[in-house]
């Protein structure tokens, strides 16, 4: 038994004031600058009622029919109601799109809701912003990068948040290549954000269920993605955890 690496990183939720102003502003500027292009593309793609019915109403009604519980009272009527209402909604949809993207209230609404973007502090808290001198890379990114042998992460270790032994080593099969990092990091972001939300409102059992479900998904991914000649999938893992007070990411590989 030989440990290739073992990393534990605490996930600390950033405050709204910790998010760089230029990042916050860039989001709103980028989105509002896209107003005309979004409107033009929507109206070109869905230019008339038959197209609306074909591209929006039909797929929506099909998905809705699968969603409705067949045991629900009058389930068939519920399905028909949704389909009929949506089939005749083209004029309302077209009016709304033109009001938002042609007449322009889209920009007003984006700026009015600009501060909601600060909820991005949840995913940023586990991913980080590498170029920001105060945030840098965070626990989720560090944990994932141990598995792909990215030595740069050793330069971003914070003794107050991180501890590790061993060496970052690429233990992932070549077939997964550049897709491994976004795949598993996305799972960690989803898991931490939802679990943190649940924890903040006192839903401890929900928090723990989210963590268990995400870790099970990560176990399944690693069981397929790891090169068994470099790391035993049965002994290696990338997990999110909660110790009653704090959230952690742990990356562990061994042969």
Exercise. If one takes the longest principal axis of the Cα atoms in the chain, at what angle in degrees, from 0 to 90 and to the nearest 10, does the Cα axis of helix 75-87 lie?
Worked result: 70
Exercise. Separation of the stretch 202-250 and the stretch 161-178 by C-alpha centroid, Å?
Worked result: 15
Exercise. Per-residue ellipticity at 222 nm for the chain, helices alone: DSSP H runs ≥ 4 residues times -39500 (n - 2.57), over residue total, nearest 500 deg cm²/dmol?
Worked result: -15000 deg cm²/dmol
Exercise. Roughly what angle does helix 35-45 make with the longest principal axis of the chain, taking Cα atoms, 0 to 90 degrees, to the nearest 10?
Worked result: 60
Exercise. Relative contact order (percent) for the stretch 21-119, with alpha-carbon contacts under 8 angstrom and 6 or more residues of separation?
Worked result: 45
For this session: Could you calculate, for the chain, the ratio of the Cα radius of gyration to the Kirkwood radius, expressed as Rg to Rh?
Result: 1.07
For this session: Please work out the FRET efficiency for the pair residue 103 and residue 64, using the Cβ-Cβ distance as r and a Förster radius of 45 Å; give the result to the nearest 0.05.
Result: 0.90
For this session: Please determine, in degrees from 0 to 90 and to the nearest 10, the orientation of helix 21-33 with respect to the longest principal axis defined by the Cα atoms of the chain, where the helix direction is its Cα long axis.
Result: 30
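Evaluate the relative contact order of the chain (contact order divided by residue number), counting alpha-carbon pairs under 8 angstrom at least 6 apart; express in whole percent.
Worked out over the chain, it gives 30 percent.
Mind ranking 21-31, 81-91 by how tightly packed they are, going by the mean number of other C-beta atoms within 10 angstrom, highest first?
81-91, 21-31
Quick note: the coordinates plus some simple rules give every number you see, no bench work behind them. Note that the coordinates shown come from a computational prediction; the quantities given were computed from them, not determined experimentally. Virtual Cβ from ideal backbone geometry, glycine too; neighbours counted across all protein chains shown.
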